[in-house]
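The values are calculated or read from the model by the stated rules, or taken from the named source; none is laboratory data. A quick note: this is a predicted structure, and the numbers were derived from the prediction, not measured. No Cβ is skipped: glycine too gets one built from the backbone with ideal geometry, and neighbour counts run over all protein chains shown.
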Amino acid sequence: MRLLPRDERFFDLFIAVAERTVEAAGLLTEMLQADENHRGRLVDSIKRLEHEADQLTHEVVTRLDRSFITPLDREDIHALASGLDDVMDLIDGLARRAKIFHVGEAPTGAILLAEVVKQASEQILIAVKGLHTNKNGVLPACVIVKRLEEEGDSLYHEWLAKLFDGSPDPMMVIKWKEIYDNLEKTLDCAEDAANVLESISIKHG
Amino acid sequence: MRLLPRDERFFDLFIAVAERTVEAAGLLTEMLQADENHRGRLVDSIKRLEHEADQLTHEVVTRLDRSFITPLDREDIHALASGLDDVMDLIDGLARRAKIFHVGEAPTGAILLAEVVKQASEQILIAVKGLHTNKNGVLPACVIVKRLEEEGDSLYHEWLAKLFDGSPDPMMVIKWKEIYDNLEKTLDCAEDAANVLESISIKHG
Amino acid sequence: MRLLPRDERFFDLFIAVAERTVEAAGLLTEMLQADENHRGRLVDSIKRLEHEADQLTHEVVTRLDRSFITPLDREDIHALASGLDDVMDLIDGLARRAKIFHVGEAPTGAILLAEVVKQASEQILIAVKGLHTNKNGVLPACVIVKRLEEEGDSLYHEWLAKLFDGSPDPMMVIKWKEIYDNLEKTLDCAEDAANVLESISIKHG
């Protein structure tokens, strides 16, 4: 009933990365809702999680290079590792930008999008755990990630339109456009990770 | 004389995606030439094409996971599917942005670049059809795509320079820079797709 | 003691690309320190190097498609070629943008980041040469590239923060943010290339 190679440790590493991503996405949402002078602490916590996830991903890749598995499995593991890594890097980058830009109060759209990122990370964690223990749980979680990406896409376009309505301040447009763009990109990467998980699940189904 | 795996259906799917891309690129050019209040309808038509292409690409990937082909062929098919998908997504994104940004009348450079995107899509369609029926048609079409990418690159830099000349309005720079950047990126992705097509053609030549 | 396939020519091609990248990174630093009317000549020299590197990379890819090596080696060579290519393209794009934007005098941060790009290119050249002649030289050079990426990351955030401090001119923010973003992205690509080199070195170690 299991979907990946014999080396048990791969599962633990992926679960550990996915858990940190869920936590970081939660802190990102919190950060956008906090006021400016409480943000620094949350940004630092996200950075710490990103650093831990990075070490874990590095261990996956090193193990991969040393393990005897087929090229196809190797490709999947590598794609999954780099998909999860991208999501985490984008969350970290978002938090740091929000701080550096002195963005002030976040528009509702940014908070809503960060919530969607959090929900998508939770589903990815479910799918990653499913690879190990319950292959029937993988596909439904991937389907939800895709639905969340679509929901995020429509939120993104709705709030980007609001940002350009009327005669906006160019600096506000520069700052929030970058944050919206990166929130949407994070959901794209989450969907990429879900696609890899789906593909692993179908191949070994 | 054929260049890809035995499953005939792959060809049909790729041709169907490439046809929709040509149509979408044509609508994009039309949209940039239309005035603001006629753009919405064209944006919706492009979105519809993008959605259809997305379903088709999804079918390619699902079939791929279930088919028995060598890792190398698999890699090529996957790269081709995602290359074509990128071109379509960028065209769709461009159309939506032009609408959301209320960009007003398009500068000549944007229309010229959209024309180049359209021509590149037409050559990709020729190359994709060539994979199935006429392998001698693939390479010349790929060569034209590369020439078009170079032409687009030089148009891009020329018109980007014009955008920054003098004392431009920052909001206009934000809007048109993003559109020019994405037009250029679309041509890069078209070139990537052409490189995959070329590589398939050489390997099976 | 050698790490890549039997075709000696691959090494020469990679070394030739890496050498051009070092030279281009040096010219980029020089360009940012030069005053506006001396920049055009340096931009042209970088373009020439980018063009040469492009031809060399094209030769690698063509040879690859014609050579009989395992899928895994093929994947590595391809990843290395495209990693080096990305670094060069970004350096060329940076130089052209600095000219097109009429950026005026470069802030210290941009010059410091360009220096880090140059140092990273030098380490990549050392690692690439090491593949052929001295596999023990590969890993230490890769470790330095990663440290340089971290150093660049922290310079990037420090100087991006300075750019957004106070009430900056939106046009200056648009221009320098793009340049900083691309300098940081160049270091990310250099790190990607180092990761491929590391991975080749571990697998064949």
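Checking the stated criteria, A:Ala110 turns out to be within 20 Å of A:Asp181 (Cβ to Cβ), out of contact with any Asp or Glu (no Cβ under 8 Å at 6 or more places or on another chain) and at pLDDT 95 or above. Can you tell me which residues in the range A:182-205 are among the polar types (S, T, N, Q) and modelled with pLDDT under 95? Across the range A:182-205, the qualifying residues are A:Asn195, A:Ser199, A:Ser201. Considering (1) more than 14 Å from chain B (Cβ to nearest Cβ); (2) surrounded by fewer than 19 Cβ atoms within 10 Å (Cβ to Cβ); (3) of a type in the set (S, T, N, Q), the lone condition that C:Ser199 does not fulfil carries the number (2).
Here is a check on your reading of the model: is B:Val61 at pLDDT 90 or above and of a type in the set (A, V, I, L, M, F, W, C)? No: the conditions fail for B:Val61. Residue under question is C:Ile77, and the condition is that it be more than 20 Å from C:Lys118 (Cβ to Cβ), out of contact with any Ser or Thr (no Cβ under 6 Å at 6 or more places or on another chain), surrounded by fewer than 18 Cβ atoms within 10 Å (Cβ to Cβ) and touching a residue at least 24 places away in the same chain (Cβ under 8 Å); does it hold? No: the conditions fail for C:Ile77.
Flag: B:Lys177 matches the condition of being part of a helix (DSSP H, G or I), touching a helix residue (DSSP H, G or I) at 6+ places or on another chain (Cβ under 8 Å) and free of Cβ contacts under 8 Å to residues at least 40 places away in the same chain. Checking each residue in the range C:72-95 for being more than 19 Å from C:Glu19 (Cβ to Cβ) and of a type in the set (D, E, K, R) picks out C:Asp73, C:Arg74, C:Glu75, C:Asp76. Taken together, A:Arg66, A:Arg97 contain a single residue that is in contact with an Asp or Glu (Cβ under 7 Å, 6 or more places away or on another chain) and among the charged types (D, E, K, R), which is A:Arg97. Looking at C:Leu148, C:Leu163, C:Leu187, just one residue is out of contact with any strand residue (DSSP E or B) (no Cβ under 9 Å at 6 or more places or on another chain), facing another protein chain (nearest Cβ under 10 Å) and of a type outside the set (D, E, K, R), and that residue is C:Leu163. Of all the numbered requirements in (1) within 14 Å of chain B (Cβ to nearest Cβ); (2) of a type outside the set (D, E, K, R); (3) surrounded by fewer than 18 Cβ atoms within 10 Å (Cβ to Cβ), C:Asn136 misses one, and that requirement is (1). Exactly one residue out of C:Trp176, C:Trp159 is more than 20 Å from C:Gly26 (Cα to Cα) and of a type in the set (Phe, Trp, Tyr): that is C:Trp159. Read through the list (1) within 14 Å of chain B (Cβ to nearest Cβ); (2) without any contact (Cβ under 8 Å) to a residue 24 or more places away in the chain; (3) within 23 Å of A:Leu90 (Cα to Cα), then give the number of the only condition that C:Pro170 fails. The number of the failed condition is (3). Within the range B:74-97, the set of residues being within 11 Å of chain A (Cβ to nearest Cβ) and either charged (D, E, K, R) or over 15 Å from the mean Cα position of the chain (by Cα) (or both) comprises B:Arg74, B:Glu75, B:His78, B:Asp89, B:Asp92, B:Arg96, B:Arg97.
The number of residues in the range A:26-60 being more than 15 Å from the chain's Cα centre (by Cα) and in contact (Cβ under 8 Å) with a residue 40 or more places away in the chain comes to 12. Residues that are surrounded by 20 or more Cβ atoms within 10 Å (Cβ to Cβ) and touching a Leu at 6+ places or on another chain (Cβ under 8 Å) were ranked within the range A:43-55; the one that is nearest to C:Ala194 (Cα to Cα) is A:Ala53. The set of residues from the range B:166-181 being under 22 Å from C:Lys47 (Cα atoms) and either at pLDDT below 95 or crowded, with 19+ Cβ neighbours inside 10 Å (or both) comprises just one member, B:Tyr180. Filtering the range C:114-149 to residues that are touching an Asp or Glu at 6+ places or on another chain (Cβ under 9 Å) and over 20 Å from C:Glu19 (Cβ atoms) leaves C:Leu139, C:Val143, C:Lys146, C:Glu149. Annotation note: Cβ proximity below 8 Å between a residue of the range C:131-145 that is within 19 Å of C:Leu13 (Cα to Cα) and of a type in the set (Val, Ile, Thr) and a residue that is part of a helix (DSSP H, G or I) and at pLDDT 95 or above (sequence gap 6+ or interchain) occurs for C:Val138/C:Ala127.
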